[in-house]
Amino acid sequence: MKKTRNSNRNYNNKKRGHKPSSKKETIEANCIDYDSEGKGIISYNNQQIPIPNLLKGETAKIEIIKKGKFITGKILKVIKPSAKRIKAKCKHYEKCGGCQLQHISYEDQAQLKQSLVERLMKPFGKANPIIKMDNPYDYRNKIHATYSYKNKEIVSGFYEEQSHRVIPVERCLIQSSKSDEINKTIRELMKSFKLKAYDEERDTGLIRHVLVKVGFATKEVMVVLVTIGPMFPSKNNFIKALRKKHPEITTIIQNINSKRTSMVLGNREKVIYGKGTIKDTLCGYTFNISSKSFYQVNPTQTEKLYGKAIEMANFKGNEVVMDAYSGIGTIGIILSEKVKSVIGVELNKDAVKDSIKNAKLNKVQNARFYEGDAGEFMLHMKEEGQKLDVVVMDPPRSGSDERFLSSLVKISPKKVIYISCNPITQSRDIKFLIKHGYKVKEIQPVDMFPHTAHVECVVLMSRVDK
Ligand code: SAH
């Protein structure tokens with residue numbers, strides 16, 4: 001998961017007090033198909049409207065909501081349910097926007113994702129069966145909870161979909177249970193230390209969010225306490241008490257976010273316990289993780305994804321490889337032992353610093369990481385007469401841009417391995433590459449985010465030599 005897909009939740013950034021006028025209407029409709037995000041499509045006034053949680057073949061009473069030109073809808077009642085419909089395991093599912101597919105079995109989720117990918121990739125070839133997760137629960141290693149009040153009690157949880165109301169959540173089934181335990185302790189400690197949760201309406205209080213990051217392999221735990229200002233009454237005793245209950249916490253950070261914003265983290269940070277980073281291992285390599293750096297949220301499936309990408313590349317050992325959109329350098333570092341050299345390019349300065357440190361940490365000598373726009377970087381390489389044998393690209397959800405793709409075509413590596421968390425933009429970019437001399441050799445969907453509608457896909461392309 002990447003910066004733009006850090007969380008599957010929808011933090012609506014509407015200006016308070018300003019509600020666009022909306023018209024509502026109730027209809028009965030049949031679901032005719034799925035859209036590319038797995039929502040059920042109904043036909044309304046000859047328009048196709050995607051409805052969350054609606055299954056193909058179902059008839060439901062639907063509330064149609066019109067805001068200007070936008071038409072959305074939600075299920076009021078399923079009148080004729082599909083045989084596939086099951087009761088969601090999570091009791092918050094109906095309100096929380098974090099998961100979108102808990103109303104069908106994991107097997108059916110996998111099939112749905114498979115058909116979404118197949119539909120998008122159909123012009124390019126057949127997709128392999130999706131790589132599922134053996135135990136599709138407790139997989140997220142990065143967990144964010146928002147603090148608020150309900151009936152005057154401190155609660156922590158997630159924003160209700162499309163709103164700023166916090167749903168109190170004791171247990172989220174897709175996240176490491178460690179974070180639920182830590183949040184429970186924090187709520188109790190706040191009460192005994194008389195520390196206040198943030199009150200969004202009044203803009204008062206102290207703790208806004210808590211971010212927990214868990215190194216699944218190393219068991220190291222980072223806690224980030226996001227506060228409204230730099231003050232933190234009884235800080236040392238609070239840390240002591242938290243650590244006493246959870247000795248597994250290896251570092252605690254105070255992040256200051258005074259802005260009225262839906263962004264979780266502010267710019268200022270103080271390490272208040274430990275080193276300020278944790279480590280985790282992926283495919284046998286160790287990575288340093290800081291509060292802000294992007295790190296894949298499902299390490300179990302990431303190992304399968306990277307394993308598949310490396311298998312597709314079928315490296316011989318003499319290749320010069322570009323890790324484009326390299327983040328903290330995970331992909332480039334992991335494949336470095338299989339190739340001659342790796343060049344990583346990443347826009348985010350902090351991530352580049354992390355990737356350089358990570359290469360050192362793993363004693364990797366044949367990987368260099370650079371800050372810059374990956375497309376521009378390749379163009380410079382081409383102008384200087386440098387060559388690339390393989391490009392592994394892993395862009396954000398928005399996909400790549402034409403500047404990148406046209407530079408790629410110019411430097412013309414033999415193989416391109418395109419990893420994406422958004423097969424819609426991925427298929428768009430693949431079309432461009434096919435037009436400019438590449439062909440698709442293999443398509444592999446991977447379920448990195450069980451119970452959500454997201455699907456990851458890795459595609460191997462090769463240059464067509466005339
Ligand atoms: N490959 C990494 C990170 C992928 S996330 C991993 O799997 O961990 C996508 C990354 O692309 C982000 O770190 C983002 O900062 C970076 N990025 C976005 N636009 C870019 C551009 N034009 N050039 C280089 N990097 C870019």
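Each reported figure results from applying straightforward, stated rules to the coordinates on display, with no laboratory input. Quantities reported herein were computed from a predicted structural model and do not represent experimental measurements. Quick reminder, even Gly has a Cβ in these numbers, built from the backbone with ideal geometry, and neighbours come from all protein chains shown.
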Can you run the Rg to Rh ratio on the chain? Use alpha carbon positions and the Kirkwood inverse-distance Rh.
0.98
Kindly state, to the nearest 0.05, the FRET efficiency for R202 paired with K466, given R0 = 51 Å and r defined as their beta-carbon distance.
0.15
One point scatterer per Cα, no solvent, Debye formula: log10 I(q)/I(0) for region 22-85 at q = 0.16, 0.19, 0.27 Å⁻¹ comes out as -0.44, -0.62, -1.19
Quick calc of log₁₀ I(q)/I(0), region 142-282, Debye, one scatterer on every Cα, no solvent, q values 0.16, 0.19 1/Å, result -0.80, -1.17
Using a 10 angstrom Cβ neighbour count of at most 16 plus a DSSP loop assignment to flag exposed GluC sites (Glu not before Pro), which longest range of the chain is free of such sites?
249-383
Which parts of region 253-293 would a label at K353 reach, counting a residue when its backbone N lies under 15 Å from a point 7 Å out along Cα-to-Cβ?
267-271, 276-278, 288-293
Which distance in nm do the two modelled labels at K80 and K441 give, with both placed 7 Å along the Cα-to-Cβ direction?
4.8 nm
How much length, in nm to one decimal, is gained on full extension between N128 and K69, taken as 0.36 nm per residue of separation minus their Cα-Cα distance?
17.3 nm
Antiparallel content of DSSP bridges confined to the chain, in %, to 5
70 percent
Rank these for me by crowding, T251, T146, going from fewest to most other beta carbons within 10 Å.
T251, T146
With 0.36 nm assigned to each residue of separation and the Cα-Cα distance removed, K410 to N366 gains 13.4 nm
Taking 0.36 nm per residue of separation between E248 and S177 and subtracting their Cα-Cα distance, the length gained on full extension comes to 24.2 nm
Starting from region 222-309, pick out the trypsin sites (Lys or Arg not before Pro) whose DSSP state is loop and whose Cβ has at most 15 other Cβ atoms within 10 Å.
K259, R260, K275
Would you pull out the residues with amide H under 5 Å of Q175's amide H, same chain only if 5 or more places away, H placed 1.01 Å from N?
D138, Y139, R140
Mean shadow area (nm²) of the C-alpha convex hull around region 131-174 is 4.1 nm²
By the gyration tensor of its Cα atoms, with a ≥ b ≥ c the square roots of the eigenvalues, what is the shape of region 314-448: rounded for a/c under 1.5, prolate for a/b over b/c, or oblate?
rounded
Rounded to 5, the percent of DSSP beta bridges in region 142-282 classed as antiparallel:
75 percent
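How fast does region 142-211 diffuse by Stokes-Einstein, in µm²/s, taking the Kirkwood radius from C-alpha pairs at 4 °C and 1.567 mPa s?
In µm²/s, the coefficient rounds to 106.
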Kirkwood Rh over alpha-carbon pairs of region 55-196, then Stokes-Einstein at 4 °C and 1.567 mPa s: what D in µm² s⁻¹, rounded to an integer?
71 µm²/s
Links that overshoot a 32 Å alpha carbon limit, given the list K80/K213; K213/K349; K194/K349:
K80/K213; K194/K349
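For K87 and E402, what is the calculated FRET efficiency with R₀ set at 60 Å and r taken between the beta-carbons, to the nearest 0.05? Kindly include the intermediate steps, with their values, before the conclusion.
Values: r = 46 Å, r/R0 = 0.77.
It comes out at approximately 0.85.
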Quickly estimate the mean residue ellipticity at 222 nm for the chain, helices only: each DSSP H run with n ≥ 4 gives -39500 (n - 2.57), and the total goes over all residues, rounded to 500.
-7500 deg cm²/dmol
Name the aspartates and glutamates eligible as straight-distance cross-link partners of K142: C-alpha to C-alpha under 15 Å, and not fewer than 8 places from it in the same chain.
D180, E181, E220, D280
